[in-house]
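Some notes on the structure that comes next.
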Amino acid sequence: MITIAGIQFDHIHYDERGDVLYLSVGHPREPAEAFETPEGHTVEYDESGRVIGLELYAVRHILDRDGELRLTWPPAHLAAGALEPALAAA
């Protein structure tokens with residue numbers, strides 16, 4: 001199991017030939033949405049907006065070169081209801 005940003009990925013597959021690490025929450029499944037991070041990795045979401053998978057590219061290369069892999073999440077979507085209390089207080 002690998003935990004990233006508080007999310008536990010329990011299905012892990014590393015494609016050594018392609019240098020791609022596939023991580024998923026639960027059994028791998030087709031995402032409802034997927035976004036590319038600024039670094040070129042892919043974050044996959046289910047219908048409820050929960051992260052269900054990550055595809056991390058050039059993992060071994062990046063770790064050998066930099067000693068770490070940076071992952072920037074794509075922008076979040078905030079519902080109006082989540083922001084209303086802050087706006088009403090202003």
What number goes with the only condition from (1) among the hydroxyl-bearing types (Ser, Thr, Tyr); (2) under 19 Å from residue 72 (Cα atoms); (3) more than 9 Å from the chain's Cα centre (by Cα) that residue 45 does not pass? (3)
With respect to the numbered conditions (1) surrounded by fewer than 17 Cβ atoms within 10 Å (Cβ to Cβ); (2) part of a helix (DSSP H, G or I); (3) not aromatic (Phe, Trp, Tyr), which one is the sole condition not fulfilled by residue 71? (2)
Given the conditions (1) at pLDDT below 90; (2) part of a loop (DSSP other than H, G, I, E, B), and given that residue 85 satisfies all but one, which numbered condition is not satisfied? (2)
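Please enumerate the residues belonging to the range 1-21 that are within 19 Å of residue 73 (Cα to Cα) and either surrounded by fewer than 18 Cβ atoms within 10 Å (Cβ to Cβ) or among the charged types (D, E, K, R) (or both).
2, 3, 4, 5, 6, 7, 8, 20 - these are the residues of the range 1-21 that are within 19 Å of residue 73 (Cα to Cα) and either surrounded by fewer than 18 Cβ atoms within 10 Å (Cβ to Cβ) or among the charged types (D, E, K, R) (or both).
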Any chance residue 47 is part of a loop (DSSP other than H, G, I, E, B), loosely packed, with under 13 Cβ neighbours inside 10 Å and touching a residue at least 12 places away in the same chain (Cβ under 8 Å): yes
On the basis of being at positive phi and modelled with pLDDT of 90 or more, does residue 53 make the cut? no
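The values are calculated or read from the model by the stated rules, or taken from the named source; none is laboratory data. Worth saying up front: this structure is predicted, and the values here are computed from it rather than measured. When we count neighbours, we look across all protein chains shown, and the Cβ atoms used for this are built from the backbone with ideal geometry, even at glycine.
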